[in-house]
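Report on the following structure.
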Amino acid sequence: MSLDEASRFIIEVAKGIAVGSIKFYDEKELNTIMKTHGEIRPILMRGMPT
């Protein structure tokens, strides 16, 4: 894969994320994790700038 192809792919993925047609997670798996561990937002926010 060339740098041009990789760049175009990344741009298309970013566009999909922006409009909500692409997700980086499986909703069913996320629901299972949340049922097992409860609210995970504090865990995900660790290390994020405040």
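Remarks
- For residue 15, a cut-off of 22 angstrom between C-alpha atoms picks up these lysines, skipping any fewer than 8 places away in its own chain: 23.
- Helix 3-19 and the long axis of the chain differ in direction by around 40°, with both axes built from C-alpha atoms.
- Among the GluC sites (Glu not before Pro) within the chain, those in coil by DSSP and having at most 11 neighbouring Cβ atoms inside 10 Å are 39.
- For the chain, calculated [θ]222 nm from helices alone, where every DSSP H run of n ≥ 4 adds -39500 (n - 2.57): -20000 deg cm²/dmol
- A 1.4 Å probe run over the chain, with the rest of the protein chains in place, finds 97 Å² accessible per residue.
- Candidate values (1) 1.59; (2) 1.31; (3) 1.43, label of the one derived for Cα Rg over 2.2 N^0.38 Å: (1)
The values are calculated or read from the model by the stated rules, or taken from the named source; none is laboratory data. Computed from a predicted model, the values in this text were never measured in an experiment. Here Cβ is always computed from backbone atoms with ideal geometry, including for glycine, and neighbour counts include all displayed protein chains. The accessibility values were calculated without ligands, DNA or RNA, using every heavy atom of the protein model including side chains. Shrake-Rupley method; radii C 1.70, N 1.55, O 1.52, S 1.80 Å.
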